[in-house]
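Worksheet: the structure to be examined is printed underneath.
The values are calculated or read from the model by the stated rules, or taken from the named source; none is laboratory data. Bear in mind that the values here come from a model prediction, so they are computed numbers and not experimental data. Glycine also receives a Cβ, built like all others from the backbone with ideal geometry; neighbour counts cover every protein chain displayed. Calculation scope for accessible area: heavy atoms of the full protein, side chains included, ligands and nucleic acids excluded. Shrake-Rupley method; radii C 1.70, N 1.55, O 1.52, S 1.80 Å.
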Amino acid sequence: LAHVHFGELSLDTPRGPMRAEVNVGELRADSGTTQLGAVSLSSTIGEAVVTIAGKTSGYHRHGGLGNSVTMEGSGPDTMHLSVNIGEVTLHVTPDAGDKGGK
């Protein structure tokens with residue numbers, strides 16, 4: 001779990017689950033997973049965006065001044081990212097972290 005009260009948080013992982021929160025600011029996450037599980041992004045006041053292989057994905061729900069995105073996946077790499085005030089983005093580029101193999 002990564003948590004920032006004010007400011008920016010950037011995460012970049014080849015694979016694995018992510019859980020992060022920012023109170024006020026920006027949360028940017030990049031993953032190279034090929035085994036995406038459940039995804040939940042939310043911003044109480046602001047934007048939430050998921051892109052997979054360069055295409056906007058997920059079920060978007062707008063409410064008041066905020067936005068949330070959810071997706072169901074069958075893999076173990078769950079993504080739960082939230083911002084109270086600000087922007088949250090998740091970019092999934094499968095195999096981005098697996099250049100050269102294991």
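How much accessible area per residue does segment 23-102 have, counting only protein heavy atoms and a probe of 1.4 Å, in square angstrom?
52
Looking at segment 38-100 from every direction and averaging, what is the projected area of its Cα convex hull in nm²?
It is 4.5 nm².
Output ³J(HN,Hα) for segment 82-94: one whole-Hz value per residue in order, computed from phi by the Karplus curve 6.51 cos²θ - 1.76 cosθ + 1.60 with θ = phi - 60°, and x for Gly and Pro.
9, 10, 6, 10, x, 10, 10, 10, 10, 10, 10, 10, x
Please list, in order along segment 24-29, the HN-Hα scalar couplings obtained from phi with the Karplus expression 6.51 cos²θ - 1.76 cosθ + 1.60 (θ = phi - 60°), rounded to whole Hz, x for Gly and Pro.
Taking θ as phi minus 60°, the curve returns 10, x, 9, 10, 10, 10 Hz for segment 24-29.
Once both labels are modelled 7 Å past Cα along the beta-carbon direction, what's the Leu11-Glu72 spacing in nm?
About 2.3 nm, to one decimal.
Assuming R0 = 25 Å, can you tell me the calculated FRET efficiency for the pair Asn23 and Arg61, based on Cβ-Cβ distance, to the nearest 0.05?
The calculated FRET efficiency here is 0.75.
Over all distinct alpha-carbon pairs, what is the Kirkwood Rh of segment 1-48 in angstrom?
11.6
When DSSP beta bridges are limited to those with both residues in segment 32-101, what percentage is antiparallel, rounded to the nearest 5?
45
Mind listing the long-range amide H neighbours of Thr34? Cut-off is under 5 Å, sequence gap 5 or more, other chains count too, H placed in the peptide plane at 1.01 Å from N.
Asp95
Rounded to the nearest percent, how much of the accessible area of segment 9-102 (1.4 Å probe, protein heavy atoms only) is carbon and sulfur?
52
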